[in-house]
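Bear in mind these aren't lab numbers, they're just calculated from the coordinates by the rules spelled out. Note that the coordinates shown come from a computational prediction; the quantities given were computed from them, not determined experimentally. No Cβ is skipped: glycine too gets one built from the backbone with ideal geometry, and neighbour counts run over all protein chains shown.
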Ligand SMILES: [Fe+2]
């Protein structure tokens, strides 16, 4: 398994997840410019099977159509989030597992930033968190469909994962572009919050 973190514009992150053995790949959040990801797919002779959207915001989904037209791949989102993304072809639910060649992707439904935010646990080792969890912070809850209560519960769900899991966020808002969940459990104020009310005061 290989995960490539791709910076787009000022601070967005897109991710190319690939199965080394089979060359199958998934593009998580094509964002506003998928050119670098498409170049990596071409140079690596990869087969793009899925686009996965962590959530509906335009800075994560704008290039969905161009990538799908090029590769004919499915576009995956959670069922509640799919109403806000025009070109979703397949929905997934909490706990569902999808195989990408030999790579095991488990979906976690993590609402709070949007109603159907998704995180992806890849081979039990890496968690792609979209705008749910950033390094040192969590996503905004004051936009349409956001909720402090749901965000708090989603953060608890993430906290239940092992410390060794690497967190790969949807934006580069922290001092480092990725980190272990163990470090974030100690340092991220939003993971340290003990209630939704406390979270609403600091997030
Ligand atoms: Fe967002």
Percent antiparallel among DSSP beta bridges confined to the chain, rounded to 5, stands at 65
So for each of 52-60, 64-72 I average, over its residues, the number of other beta carbons within 10 Å; can you give me the resulting order with the highest mean first? 52-60, 64-72
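Tell me the mean residue ellipticity at 222 nm calculated for the chain from its helices only (DSSP H runs of n ≥ 4, each -39500 (n - 2.57), averaged over every residue, nearest 500).
Details: 8 runs with 55 residues, N = 203.
The per-residue figure over the chain is -6500 deg cm²/dmol.
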Angle, helix 148-159 long axis vs. longest principal axis of the chain, Cα atoms, 0 to 90°, nearest 10? 70
Could you tell me how far the Cα centroid of segment 168-203 sits from the Cα centroid of segment 65-142, in Å? 19
Taking the Cα-to-Cβ direction at residue 47 and at residue 143 and moving 7 Å from each Cα, how far apart do the two end points lie in nm? 3.5
Kirkwood radius from Cα pairs of segment 118-203 plugged into Stokes-Einstein at 37 °C, 0.692 mPa s, gives D in µm²/s equal to 259
How much length is gained if the chain between residue 194 and residue 173 is pulled fully straight, taking 0.36 nm per residue apart and subtracting their Cα-Cα distance, in nm to one decimal? 5.3 nm
Computed over the Cα atoms of segment 2-202, what is the ratio Rg over Rh, Rh following Kirkwood? 0.94
Residues residue 79 and residue 36, FRET efficiency given R0 of 35 Å [Cβ-Cβ distance, rounded to 0.05]: 0.70
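May I ask you to sort 38, 143, 10 by Cβ crowding, counting other Cβ atoms within 10 Å and putting the fewest first?
10, 143, 38
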